[in-house]
Amino acid sequence: MIGCGYLGAVHAAAMAELGHEVVGIDLDPLKIDTLAKGGAPFFEPGLTELLERGIAAGRLSFSTDIEAARGASVHFIAVGTPQRPDGSADLTAVNASLRAVIGVLTPGDLVVGKSTVPVGTAQVLQREVERAGGSLAWNPEFLREGFAVRDSLEPDRIVYGVAPGDTRSAETLDRVYGAMLTAGTPRMVTDLATAELVKVAANAFLATKISFINAMAEIAEVVGADVTQLADAIGYDARIGRRFLNAGIGFGGGCLPKDIRGFIARADELGVGHSLDFLRDVDQVNLRRRDRVVDLTRDALGGSVAGRRVTVLGLAFKPDSDDVRDSPALDIARRLHAEGAIVTATDPEAIETSRPIAPDLTYRASVHEAVLDAEVVLVLTEWALYRQLDPVIAARLASPSAVVIDGRLCLDAEQWRAAGWRYRAPGRLIDRSRELLAV
C-alpha cells in the first residue's frame, strides 16, 4: 500500500482483515511509527481496532522503505492528489509513487490505482507500468469519513478499470476481494477511463444534490417556507430519495470540494468545460451557505458581532471525523473572529486539528464550558452530542435571551424555543410572534 494517509491506512488495515499479507509504505516516519504501534494518525471509528488485529496476526506492517514492498504481487497506490490554485489535481505524489513502485516491480505484478485522478491519467501510467513488465488497473475508492472501515469491508460496489482484453488483472483483483464478492458485493469491470470517472461523477452528483436543497433553502427563507419539510416531502419520491437532501451550511472535507473543482478543471482541459458549468453554480451555492450563517449571526446581534460572545459547536466538516479540510464550520468560526467576535469553539475530535489553522480561537473541551455566557450559539457540526444537548441546561449557562443558530437543522426547534432560546436556522421559518412574547 503506497501511501498511508486516510485512504491508504484504512485500505491496508481492511486488506489485512481479509487475510492478505500487507505492508504499508509512507515517507512520513511519524505516521509510520504511529501505525506500526497500532495507532491511527487521524480519528476514524473502528480503525484502531482493525490495525491492532492486523498487526497482532502478523499480516500488517508499515515501513518508510519502498524496498519493503519488493516481493508483493499487488501494489496499491493510495496517495493524495491535492488541489492546485487553479482547481486542478496535483499528481506529484501519484507520479512519484509510480516511479518508486516500478523500482521494486517483478514482471507479472499488478499496480492498482486508488487515488482520485483526472480522467486520462491511468492511460499514461499504464504505459510506464507495462514497460516495467507489470499491468495496471484502476480501482476507485468510495469511502465516507466516519464510515470508512465499514465501507472498506462491506462496500456497496467494487469497480475495476482495466485495459482492453486484460482479464488477468480482473482475476487478480477478484482474488484480492474474494470475501466481499462471495458475500454478494456487486462488481463491475470497465475500461480505465470509466473507472476514473466513477468516483468524480459520484461526488459531483452528491454535491449537486446537497447544493440543490441549499438553493431551495435560499428561496424558502424569502417566502417563509420550511426547507426541512420540503426535503421530507420531495424525498418520498423514490427517484429523488431523502439521503443527502439536508440543507444547512454545505459540504466540505477533502473530497467533494476538491473533486468537483478538479473535475471542472479537467473538463476545461478536454475542451468540454461547458458540460460542467452547472458544477460551478453548485460550488457557489455551497459557499453562499457559509455567508448566510455569518449573516444570521450578525442579524441576531443587531448588525455587528464585534466584541460579542459567540460559541461554535463543531469544527470538523462532518461528525465522527477530526477532518477540518475545507470545513464550513471552521471557516464560519474564523470569519466571525475576523469581524471581532469573541469566538469560543469546541468539537469532540477536531480541536487539535483546528488549532494550527485557527490559533486565535478560544477552545474548550466540553460543551458546557463552551456555551458559558454565550450570546449566540452556533451548531455547525451535527455530532450526536450537540443534537442531544439539553436546551434547558444550556440556557442556564448562556446569556439571557441567547440565540441558537441551527446551522445543520439538526435540533428540535420547538424544544429550544420552549427552553427560552431564540431559534434561527437557514431555510427554516422563524416564528417571530412567539419570540417577541418570550422577550
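The values are calculated or read from the model by the stated rules, or taken from the named source; none is laboratory data. Since the structure is predicted, the reported quantities are computational estimates derived from the model, not experimental observations. Here Cβ is always computed from backbone atoms with ideal geometry, including for glycine, and neighbour counts include all displayed protein chains.
Go through (1) among the hydrophobic types (A, V, I, L, M, F, W, C); (2) out of contact with any Phe, Trp or Tyr (no Cβ under 9 Å at 6 or more places or on another chain); (3) part of a strand (DSSP E or B) for residue 345 and report which single condition fails. Result: residue 345 passes all but (2).
Just to check your reading of the model, which residue among 127, 144 is under 20 Å from residue 3 (Cβ atoms), among the basic types (Lys, Arg) and free of Cβ contacts under 8 Å to residues at least 24 places away in the same chain? Talk me through it step by step, then tell me what you get.
On the way: 127 fails: under 20 Å from residue 3 (Cβ atoms).
The unique qualifying residue is 144.
Within the set 248, 254, the sole residue that is part of a loop (DSSP other than H, G, I, E, B), under 28 Å from residue 143 (Cα atoms) and at pLDDT 95 or above turns out to be 248. Evaluation of residue 151 against the conditions (1) assigned to a loop (DSSP other than H, G, I, E, B); (2) among the acidic types (Asp, Glu); (3) over 20 Å from residue 90 (Cα atoms) shows that the sole unmet condition is (1).
Among the residues of segment 266-304, those that are under 25 Å from residue 201 (Cβ atoms) and touching a Pro at 6+ places or on another chain (Cβ under 8 Å) comprise 266, 269, 283, 286, 289.
Each row is one residue, and each column tells you yes or no for (1) β-branched (Val, Ile, Thr); (2) out of contact with any Asp or Glu (no Cβ under 8 Å at 6 or more places or on another chain); (3) not assigned by TED's automatic domain parsing to the domain that holds residue 422.
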site: 265; (1), (2), (3): no, no, yes
site: 269; (1), (2), (3): no, yes, yes
site: 302; (1), (2), (3): no, yes, no
site: 307; (1), (2), (3): no, yes, no
site: 324; (1), (2), (3): yes, yes, no
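Evaluation of residue 85 against the conditions (1) touching a Lys or Arg at 6+ places or on another chain (Cβ under 9 Å); (2) in a loop (DSSP other than H, G, I, E, B) shows that the sole unmet condition is (1).
Does residue 221 meet the test of being in a helix (DSSP H, G or I) and either in the same structural domain as residue 322 (by TED's automatic domain parsing) or modelled with pLDDT under 95 (or both)? Lay out the reasoning, then the answer.
Working: in a helix (DSSP H, G or I): yes; either in the same structural domain as residue 322 (by TED's automatic domain parsing) or modelled with pLDDT under 95 (or both): yes.
Yes; evaluated as a whole, the condition is true for this residue.
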